[in-house]
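Written out below as structure tokens is the structure these notes cover.
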Amino acid sequence: MAILDALPDGFLDCHARDLHQVLDGPTLIELAGERGSPLFVSILLHGNEDSGLGAIQRVMNGYRGRVLPRSLMLLIGNVEAARHGLRRLDDQPDYNRIWPGTPNQGDTPEAGMMAKVHARALARHAVAAIDLHNNTGRNPHYAVVCNFDPPTLGLAALFSRRAVCFRGILGSQTASFAGLIPAITAECGLPGEAANAQAGARFLDEALNLDELPNGANERIMLELYHTLGVVRVREDVSFGFGVGEAEVRFDPALDKNNFRELKPGTVLGETRHQMPLQMIDERGLDVAAHYFETSGGKLKLRKQAVPAMLTVVPRIVRQDCFCYLMERL
């Protein structure tokens, strides 16, 4: 991994697909600011999620010829996947599942790279860690946290009035820093939309200008807090599709309209001839799909009231990541 002390030529007006012409691969850029303890920011851990790049470009263009209000450690992740507009290449690990604490892929070169970045951020006494992402389905902006300590919630509230707590994904950037420094994932909606990059830019600029993190949410923003019950995946041996087809499961092709909506028991998610096509892993690592889903009369239905997030209708993402998360409102 390259470590730079300045933005390379062409970075500030480069599309994610063209970053490989500016950077040789994953790159850490360390920029000095008026306040020495840096803000650590990661973008493009998933190559198809470009709002983070758009956000940092907007912020840095705003500081042309000026010193940043706080030092910045900027990690640009999967440049090669970004070249192809993909979350990751088939022969790559997921760059947001290989950070310290991951139970799998911990001995890969990519995991070693992230471990070094993680240690460097802590050694430099980073004030907080922010990971910018997009969703592939329709979702509002929301923050993901791994604990409820006040500085973490204060950081989350700067980005969105919605925050989701989930401790079940070891190896993510946010989970690796949780408990060490305030850390959040900022989910910026769909990629390729200027408004989502602008929302990320507003958040980063505000975070860079803080003297210290707010101690929890405040009167200006009252957080809607959610707790993730589990991550839902289609079982590997089950074929699926969206709408028509001969797959064992045919999901509603407009399912992602239900993200962050309270769904009642009996809500139909699709049609199936499989007894239980889904797996749902909770924070304990247990499969609880049978408690939250049922199949009857050829229909796949919810058994319990829940709020979904990250429902996607992109088959490749379902296989590489998940179908959705189920949550409860706190």
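Does anyone have the angle between helix 51-62 and the longest principal axis of the chain? Alpha-carbon axes, 0 to 90°, nearest 10?
20
Using a Gaussian network model on the chain with a 10 Å cutoff between Cα atoms, which of Glu246, Glu283, Glu206 fluctuates the most?
Glu246
Ratio to report: Rg/Rh of region 48-148, with Cα atoms as the point set and Rh obtained by the Kirkwood method; give two decimals.
Value, to two decimals: 0.97.
Per residue, what accessible area does the chain have, given a 1.4 Å probe and all protein chains present, in Å²?
I get 42 Å² per residue for this part.
Could you look at the chain and say what percent of its accessible area is carbon and sulfur, using a 1.4 Å probe and all protein chains?
Numbers: 6810 of 13970 Å².
Reported share for carbon and sulfur atoms: 49 percent.
Looking at Met327, Ala195, Gly65, which one has the Cα that reaches farthest to the positive end of the dipole of the chain (charges on Cβ: Lys, Arg +1; Asp, Glu -1)?
It is Met327, whose Cα lies furthest towards the positive end.
Rank Ala201, Ala254, Ala82 by mean-square fluctuation in a GNM of the chain with C-alpha springs under 10 angstrom and give only the top-ranked residue.
Residue with maximal mean-square fluctuation among Ala201, Ala254, Ala82: Ala254.
For the residue pair Met222 and Leu180, what label-to-label distance in nm results when each label sits 7 Å from Cα along the Cα-to-beta-carbon direction?
With each label placed 7 Å out from Cα toward Cβ, I get 3.6 nm.
Can you pull the one-decimal nm distance between simple spin-label points at Ala290 and Leu4, each 7 Å off the Cα toward Cβ?
5.4
Run lengths n ≥ 4 of DSSP H only: what is the helix-derived mean residue ellipticity at 222 nm for the chain, with -39500 (n - 2.57) per run over all residues, to the nearest 500?
About -6000 deg cm²/dmol.
Run the count for the chain, please: Lys pairs, Cα-Cα under 28 angstrom, 8 or more apart or on different chains.
6
Looking at region 195-300, what % of its DSSP beta bridges pair antiparallel, to the nearest 5?
Beta bridges within region 195-300, antiparallel portion: roughly 80 percent.
The values are calculated or read from the model by the stated rules, or taken from the named source; none is laboratory data. Please read all numbers here as calculations on a predicted model, not as lab measurements. Because the Cβ atoms are built from the backbone with ideal geometry, glycine has one as well, and the counts that use them run over all protein chains shown. Heavy atoms of the whole protein, side chains included, go into the accessibility calculation; ligands, DNA and RNA do not. Shrake-Rupley method; radii C 1.70, N 1.55, O 1.52, S 1.80 Å.
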